[in-house]
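Structure first, commentary second.
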Amino acid sequence: GDVPRLERVMDLMHSQGLEANNSMYNALISACAKRADIIRAEKWFNSMIKAGVQADVVSYSTLIHACAKSSDLARAEEWLERMRKDGVEANSVTYNSVINACARAGFPDRAEAWLERMDRAGLKAGVLTYNSVINSCAKAGTAARAEQWIERMRERGVKPDAVSYSTLIHACLKSHDPLRSEHWLIEMQNDGEEPSVFCYDSVIQGCAHAGCLPKAERWLDSALAAGIEVNSNSFSSVITACIRSGELEKAERWLQGMTDHGLAT
């Protein structure tokens, strides 16, 4: 992703009357995209067109990816529309980038609409595409909608992965529904996916804050038994829940556990 170096090479070629090809321009656009530098990426795209070099699906998809990284949904959609007008057929990568832009911006309606367009174009959505839609729902605070999409994934023969479940767990937590977070953690385990420390911490803290002390303790015990390195916030939330419930002996036990795991300061 060394943009200045690639630009120097391109300028040197031009100064010597050498013509850069599609692959060279795409490499430079890609380097700009990795830095989420849309302005620079667009500049080199326009230079490519001006030089009479044909832009292909990679050129457009890379630009759209740059827009997605910058959470610039409007620009991503504009480039996809221009791509269509220029007669370049979008592929799965192109649609994934636009849907990802929708997710980053927190617009589930748009993410869903683009997924449907992708489907109508005869392109099969994979787990990454569905995860972006689920993420858009999570960012918008609509956990129930995110749950519907994980069910649709299954119906369409796409197996949810660890990211699918962890995003859904977080969505339920944002909606202050620790029991649904717990449900999806169990589903995740039943589906053979290994929960991360983030998943356990989310459920433990959610249950503790909701006053579901037995559940919070059970999940903390489960995480420790599985060798998960939970963070101090999980212990602290359980200890606080114990104190609020008047369970001082339990609070002392968990404080000792926190110390034993080197998390007490």
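All of the numbers you see were taken from the coordinates with simple rules; none came from a lab. Treat the numbers as computed from the prediction; the structure is a model and nothing was measured. When we count neighbours, we look across all protein chains shown, and the Cβ atoms used for this are built from the backbone with ideal geometry, even at glycine.
Compute, for the chain, the length of the dipole vector about the Cα centre, with Cβ point charges of +1 (Lys, Arg) and -1 (Asp, Glu) only. Units Debye, rounded to 20. Mind dumping the intermediate values first?
Details: 30 positive and 35 negative charges, 149 e Å.
Charge dipole of the chain: 720 debye, to the nearest 20.
Can you list the aspartates and glutamates whose alpha carbon sits under 13 Å from that of residue 50, skipping same-chain ones fewer than 8 residues off?
The reachable aspartates and glutamates, counting only those whose Cα sits under 13 Å from residue 50, are 19, 42.
Dipole of region 112-219, Cα-centred, from +1 at each Lys and Arg C-beta and -1 at each Asp and Glu C-beta, to the nearest 20 debye? List each step's numbers first, then the result.
Details: 13 positive and 15 negative charges, 68 e Å.
Around 320 debye, computed over region 112-219.
Cα centroid distance between region 43-93 and region 203-253, in Å?
Value for the Cα centre distance between the two parts: 49 Å.
State the dimensionless ratio Rg/Rh of region 126-188 (Rg: radius of gyration of Cα atoms; Rh: Kirkwood radius).
On the way: Rg = 10.3 Å, Rh = 11.1 Å.
Answer for region 126-188: 0.93.
Give me the one-decimal Kirkwood hydrodynamic radius in Å for region 196-265, with the sum taken over alpha-carbon pairs. List each step's numbers first, then the result.
Values: mean 1/r = 0.0866 Å⁻¹.
Final number for the Kirkwood radius of region 196-265 is 11.5 Å.
Return, for the Cα atoms of the chain, the radius of gyration and Dmax in Å, separated by a comma.
Taking only Cα atoms of the chain, I get Rg and Dmax of 23.9, 81 Å.
Run the Debye formula on the Cα coordinates of region 93-208, all scatterers equal and no solvent, and tell me log10 I(q)/I(0) at q = 0.11, 0.21, 0.22 1/Å.
For region 93-208, the Cα-only Debye profile gives -0.32, -1.08, -1.17.
Using only alpha carbons, build the gyration tensor for region 1-146 and give me the equivalent ellipsoid semi-axes, biggest first, whole Å. All intermediate terms of the calculation are to be shown ahead of the outcome.
Values: eigenvalues 198, 49, 22 Å².
Its equivalent ellipsoid spans semi-axes of 31, 16, 10 Å.
Given 5 Å bins starting at zero, what is the percent of C-alpha pairs of region 1-73 in each, up to the one with the largest pair distance?
The distribution over region 1-73 is 3, 19, 31, 25, 14, 6, 2, 0, given as percents.
Could you calculate the contour length gain from residue 43 to residue 84, that is, 0.36 nm times the residue separation minus the distance between their Cα atoms, to one decimal place in nm?
Gain on extension, residue 43 to residue 84, equals 12.8 nm.
How high is the FRET efficiency between residue 240 and residue 109 when r is their beta carbon distance and R₀ equals 51 Å, given to the nearest 0.05?
Numbers: r = 38 Å, r/R0 = 0.75.
Efficiency, from the Cβ-Cβ distance: 0.85.
Take the Cβ-Cβ distance between residue 93 and residue 197 as r, set R0 to 30 Å, and report the resulting FRET efficiency rounded to the nearest 0.05.
On the way: r = 31 Å, r/R0 = 1.03.
Given R0 = 30 Å and the Cβ-Cβ separation, E is 0.45.
Given 34/124; 85/124; 159/250, which pairs have Cα atoms separated by over 29 Å?
Numbers: 34/124 26 Å; 85/124 23 Å; 159/250 40 Å.
With Cα atoms farther than 29 Å apart: 159/250.
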